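Q: Structure in C-alpha cells, see below.
Just so it is clear, none of the values below were taken in a lab; they were calculated from the coordinates. None of the values given here were measured: they were computed from a predicted structure. For neighbour counting, all protein chains shown are included, and Cβ atoms are generated from backbone atoms with ideal geometry for every residue, glycine included.
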Amino acid sequence: MGFLFFCRKFIQLQFTNPINLKKSKLTPFWRLSGAHLNGISYLLGTMHVKPSRKERNWQELYTGYMDLCKVFATEFPLDKVDGALLSESSLLKNEQLLSNLLSTSQHHKLEKKLQKSLGLPLRSLLRMKPIMIVNLINERILADCNPISMDTSLWQVAEEKGKILKGIETFEEQLQLLERIPIKYQLKNLLSIVKDLGKYKRQLLHLAALYDAGDIQKLYKISKKGLGPIRKFMLKDRNEVMANRIIDLATEQSLFCAIGAGHLAGKNGVLRLLKQQGITVKPINV
C-alpha cells in the first residue's frame with residue numbers, strides 16, 4: 001500500500017494551490033470548532049516521509065491532542081486494504097508490457113539508470129504501471145528515512161489507544177484514483193525522474209524540509225508545475241468530498257484527522273472549504 005501513500009502525497013505537495021497565510025499560521029496542524037461540531041477536532045496534514053527532525057518519537061507531538069478525541073481518521077481506512085485488488089491495480093492492463101510503451105532508446109536508458117543507481121532490474125518491473133516504479137524509486141532514495149508513512153505511524157498509535165478508526169475515503173475510492181491517472185502521464189513522470197535522480201532526491205528532501213518548517217506557501221511555489229490533466233480530480237474534487245466527510249465525522253464525535261498536507265491550502269483547499277461551511281479553523285504550532 002506504500003504507493004498509495006507516497007505517490008499521492010508527492011503529487012499533492014507538488015501541485016497544491018496557494019493559501020495566503022501569515023507566518024504564525026505556517027503549520028500543517030489545525031484546530032476545528034463550530035456550533036454544530038461535537039466538541040473540538042483536529043486536522044493534521046501529513047507527508048509520506050516523517051518530518052526531517054531527528055526526534056525518535058515525533059508522534060508525541062500529536063498524541064496529547066489525539067487523546068482528546070474519540071475518532072482517528074486517515075485518508076482511507078488502513079485496515080481495509082484488499083491485497084488482491086491492490087496487486088491487480090498495480091499492473092498494466094491487458095497483459096501489456098512497459099517495454100511496448102517505450103522507444104528502444106528510452107527502454108535502454110531507463111534500464112541502465114534503474115539498475116546502476118538503484119539496483120532495480122527493469123525486466124522484473126515490465127508489467128507494473130509507471131507510478132508503481134516511481135514508488136519503488138522513492139523507497140530506494142529515501143531508504144535512510146522512516147520507512148513507515150506518517151499516516152501509518154499515527155494509525156498505529158491511535159489503534160494502541162483504542163480509538164475508533166475511520167477513513168475519509170474508502171480503499172476502493174483510492175484505487176479508482178489510481179486508475180484515473182493516465183498511463184501517458186505516469187510514463188512521462190517516470191522518465192523525467194530517472195533523467196536526473198540526484199535532482200529528484202534533492203527535491204524530495206527539500207519538500208520534506210519545508211514540511212518540517214510548516215511552510216505551505218513555499219511548498220506551493222516550488223512544486224506548482226506539472227500536474228496537468230489530473231489536477232481537478234486529484235485535488236479540487238477530492239477536497240470537496242474530504243471537507244464534507246470531515247464535518248460529518250466531527251459532527252458525530254470528536255475527531256483527529258490526518259490527510260495529505262497538499263489538501264489543506266488553496267482557494268479550493270480543505271481549510272477554506274471548512275471555513276465556508278461555518279467551521280472555525282485555527283493553527284496549532286507544535
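Q: Could you estimate the translational diffusion coefficient of the range 105-219 from the Stokes-Einstein equation, with Rh from the Kirkwood formula over C-alpha pairs, at 37 °C and 0.692 mPa s, in whole µm²/s?
A: 198 µm²/s
Q: Kindly flag which residue pairs out of 80/166; 25/236; 80/184; 25/275 have an alpha-carbon separation exceeding 19 Å in this structure.
A: 25/236; 80/184
Q: Sum up the charges of everything whose Cβ sits under 11 Å from the Cβ of residue 78, counting Lys and Arg as +1 and Asp and Glu as -1, but leave residue 78 out.
A: Combined, the nearby Lys, Arg, Asp and Glu give -2.
Q: Okay, next question. Rounded, prolate or oblate, given the Cα gyration tensor of the range 92-171, with a/c below 1.5 counting as rounded?
A: Judged from the Cα gyration tensor, the range 92-171 comes out oblate (a/c at least 1.5, b/c at or above a/b).
Q: How big is the charge dipole of the range 112-172 about its Cα centre, in debye rounded to the nearest 20, if each Lys and Arg gets +1 on its Cβ and each Asp and Glu gets -1 on its Cβ?
A: Approximately 520 debye in magnitude.
Q: Nearest 0.05, what FRET efficiency do residue 86 and residue 209 give at R0 = 35 Å with Cβ-Cβ as r?
A: 0.70
Q: Aspartates and glutamates within cross-link reach of residue 195: Cα-Cα under 15 Å, excluding same-chain residues under 8 positions apart?
A: 111
Q: Quick one: check the C-alpha center-to-center distance for the range 76-134 versus the range 165-181, whole angstrom.
A: Value for the Cα centre distance between the two parts: 20 Å.
Q: List every residue whose amide H lies under 5 Å from the amide H of residue 260, counting only residues 5 or more places away in sequence or on a different chain, with H placed 1.01 Å from N in the peptide plane.
A: For residue 260, whose amide H was placed from the backbone, the distant partners under 5 Å are 46.
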